[in-house]
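A short worksheet on the structure shown next.
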Amino acid sequence: MQRLYPTPAADLDPDAIYDDLRDQLPKPPAGRPYTMLNMVTSVDGKAAVRGKAAPLGSDLDHRLMRAIRAANDAVLNGAGTLRAEGIDSRVGAAWGARRAARGLPAQPLTAVVTRAGDLPLDRGWFRHEGIERVVLAGAGLAADPDRHAALAARARVILAPTPEPEPAWIARTLREACGVRYLLVEGGPHLNGALIAAGLVDEICWTLAPKIAGGGERLTLVEGPALPGLPPLALASAYLHEDELFLRYRFAGPRAAG
Ligand SMILES: NC(=O)c1ccc[n+]([C@@H]2O[C@H](COP(=O)([O-])OP(=O)(O)OC[C@H]3O[C@@H](n4cnc5c(N)ncnc54)[C@H](OP(=O)(O)O)[C@@H]3O)[C@@H](O)[C@H]2O)c1
């Protein structure tokens, strides 16, 4: 593993590059968590291959996903990702022990955001042990007591005041109701787009996988409505391992208000 930026270095332990990530993060802003995205894309910018992200990243990418989760208090996904491929936000025993040693819960909280709560209850996400689950749902879920009860039996359900959970509400609720100071968003692209458009993302961890997904694939890192302007990014770090790039970009300059 080489570090290309900020200070070039060679022969690094690839599994250790994000060991001190939490210590590098700035203080969270008032009223919301400091928020990072972590996504992998192909060289042609695609975020999924036949509906799944896993084939894009290497084994190292999958291990570093855990390291990035371990630096955060919560992992958030859109319901589309849970429906498409399932979610397991757990960091494993070794990271759990390191988190516990610094006074954090062994596992980060795991949260899913949905409008109507149409979630696949048979997924492992609803059964994983030792991890706190939160469903952030649109107000309309209250009109479906059976679905609401089924979700509430498996997760803490928090209802938004609006039919679609607004990005600012999501961020504020995770901070104030769930105590999340550092939030990792692991997609998908539509949730990413909503949060970026609202100016609620502070940085992006982006794995550039040395693969081409091809024209049959549509999803990129960010989907949804057009963004206001072209939010500028500043490179925070760049690592290279076996043709795969592990990049962190911070949002620079003013962004749209949420
Ligand atoms: N490359 C990567 O790193 C990566 C990471 C994650 C996912 N993925 C891929 O991304 C795909 C899924 O992504 P996606 O974009 O279709 O879905 P998504 O962003 O995971 O979820 C979108 C869903 O989130 C819910 N939602 C609630 N409030 C929202 C808001 N304010 N804005 C946006 N969404 C809101 C809605 O759920 P309801 O429909 O329930 O209302 C909406 O349909 C999968 O193919 C997966 O493999 C790739």
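The values are calculated or read from the model by the stated rules, or taken from the named source; none is laboratory data. Computed from a prediction, not measured in an experiment: that's the story for all the values here. When we count neighbours, we look across all protein chains shown, and the Cβ atoms used for this are built from the backbone with ideal geometry, even at glycine.
Here is how the numbers come out for the structure above:
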read-out: Number of the exception - Gly78 against (1) out of contact with any helix residue (DSSP H, G or I) (no Cβ under 6 Å at 6 or more places or on another chain); (2) under 25 Å from Pro120 (Cβ atoms); value: (1)
read-out: Per-region count, segment 41-72, residues within 15 Å of Val185 (Cβ to Cβ) and touching a Pro at 6+ places or on another chain (Cβ under 6 Å); value: 3
read-out: Test result for Gly86, at pLDDT below 95, within 16 Å of the ligand (Cβ to nearest atom) and farther than 23 Å from Ala171 by Cβ; value: yes
read-out: Selection count, segment 173-219, where residues are aliphatic (A, V, I, L, M), farther than 23 Å from Met65 by Cα and more than 10 Å from the ligand (Cβ to nearest atom); value: 1
read-out: Selection count, segment 24-48, where residues are of a type outside the set (Phe, Trp, Tyr), under 15 Å from the mean Cα position of the chain (by Cα) and not in a loop (DSSP other than H, G, I, E, B); value: 7
read-out: Filter result (part of a helix (DSSP H, G or I) and crowded, with 19+ Cβ neighbours inside 10 Å) within segment 85-107; value: Trp95, Gly96, Arg99
read-out: Residue count, segment 150-172 (criterion: more than 12 Å from the ligand (Cβ to nearest atom), of a type outside the set (A, V, I, L, M, F, W, C) and over 18 Å from Lys27 (Cα atoms)); value: 3
read-out: Residue tally, condition out of contact with any strand residue (DSSP E or B) (no Cβ under 6 Å at 6 or more places or on another chain) and farther than 19 Å from Thr35 by Cα, over segment 61-87; value: 6
read-out: Answer residue from segment 1-34, given it is basic (Lys, Arg) and surrounded by 13 or more Cβ atoms within 10 Å (Cβ to Cβ) and is farthest from His241 (Cα to Cα) among those; value: Arg32
read-out: Qualifying residue in segment 108-124 (condition: touching a strand residue (DSSP E or B) at 6+ places or on another chain (Cβ under 8 Å), among the β-branched types (Val, Ile, Thr), away from the ligand (no atom under 16 Å from the Cβ) and outside any helix (DSSP H, G or I)); value: no
read-out: Any hit, segment 58-67, residues being in contact (Cβ under 8 Å) with a residue 24 or more places away in the chain and on the phi > 0 side of the Ramachandran plot; value: no
read-out: Helices (runs of 4 or more DSSP H) (entirely within segment 139-258) containing at least 2 residues that are of a type in the set (A, V, I, L, M, F, W, C) and surrounded by fewer than 20 Cβ atoms within 10 Å (Cβ to Cβ); value: 145-152, 167-176
read-out: Search result, residues across segment 53-75 that are among the charged types (D, E, K, R), within 14 Å of the ligand (Cβ to nearest atom) and farther than 29 Å from Thr173 by Cβ; value: Asp61
